[in-house]
1. Just for region 66-77: of the residues that are more than 22 Å from Arg15 (Cβ to Cβ) and among the hydrophobic types (A, V, I, L, M, F, W, C), which one is most open to solvent (accessible area, probe 1.4 Å)?
2. Limited to region 16-26, what total is found for residues that are of a type outside the set (Val, Ile, Thr) and either under 15 Å from Ala95 (Cα atoms) or in contact with a helix residue (DSSP H, G or I) (Cβ under 7 Å, 6 or more places away or on another chain) (or both)?
3. All but one of (1) free of Cβ contacts under 8 Å to residues at least 24 places away in the same chain; (2) of a type in the set (D, E, K, R); (3) more than 18 Å from Asp106 (Cα to Cα) hold for Glu7; which doesn't?
4. Name the pairs: first residue in region 63-83 and farther than 20 Å from Asp33 by Cβ and of a type outside the set (S, T, N, Q), second residue open to solvent by 60 Å² or more (accessible area, probe 1.4 Å) and in a helix (DSSP H, G or I), Cβ to Cβ under 7 Å, at least 6 apart or on different chains?
5. Enumerate the pairs (first residue in region 87-98 and open to solvent by less than 10 Å² (accessible area, probe 1.4 Å); second residue anywhere and among the hydroxyl-bearing types (Ser, Thr, Tyr)) with beta-carbon separation below 8 Å, excluding pairs fewer than 6 apart on the same chain, so at least 6 apart or on different chains.
6. Where in region 1-65 are the strands (runs of 3 or more DSSP E), entirely inside, with at least 1 residues that are open to solvent by 50 Å² or more (accessible area, probe 1.4 Å) and modelled with pLDDT under 95?
Amino acid sequence: MPIEITEVDVAEARRRLESGARLFDVREQGEWDEVHAPEATLVPMSELVNRWQEIDGGDEPAIIVCHSGARSSRVVAALEQSGVSAVNLTGGMVAWEQSGAPVVRDAQGEPGHEH
């Protein structure tokens, strides 16, 4: 029987984050460096086999984000099969940015801006 993936939109994800949920970004380092949510923790999908135990949402399901929602939905399915409660952020970082939610950008080349 297939695992049911729970999807949350940006507004719901931010509400859950305010209530203590944790956000995990499963994109690769280069994508993370370009732009990411300030409250996210990077656990690249390519490292998931070795690092999935780091994903813990605390009292709430972990919120998983990627670029557009495809990789993160696969990660959520894998986590759920491993007994880790997780939800997928619909639309990924694309939706996060479009909603006006805060982001951290790679500051390379910007004088006076430390990362």
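The values are calculated or read from the model by the stated rules, or taken from the named source; none is laboratory data. Remember, it's a predicted structure, so these values are computed and weren't measured experimentally. Here the Cβ positions follow ideal geometry from the backbone for every residue, glycine too, while neighbour counts run over all protein chains shown. Note: accessible area is taken over every heavy atom of the protein model, side chains too, but ligands, DNA and RNA are not part of it. Shrake-Rupley method; radii C 1.70, N 1.55, O 1.52, S 1.80 Å.
1. Selected residue: Ala70.
2. Restricting attention to region 16-26, the residues satisfying the condition of being of a type outside the set (Val, Ile, Thr) are 16-25.
Filter again for either under 15 Å from Ala95 (Cα atoms) or in contact with a helix residue (DSSP H, G or I) (Cβ under 7 Å, 6 or more places away or on another chain) (or both), leaving 23, 25.
Final tally of qualifying residues: 2.
3. (1)
4. Every condition considered, the pairs that remain are Leu79/Trp52.
5. Matching pairs, first to second residue: Val87/Thr6; Asn88/Thr6; Asn88/Ser72; Asn88/Ser73; Leu89/Ser72; Gly92/Ser68; Gly92/Ser72; Met93/Ser68.
6. On the way: elements: 23-25, 40-42, 62-65.
In region 1-65, no matching strands (runs of 3 or more DSSP E) lie anywhere.
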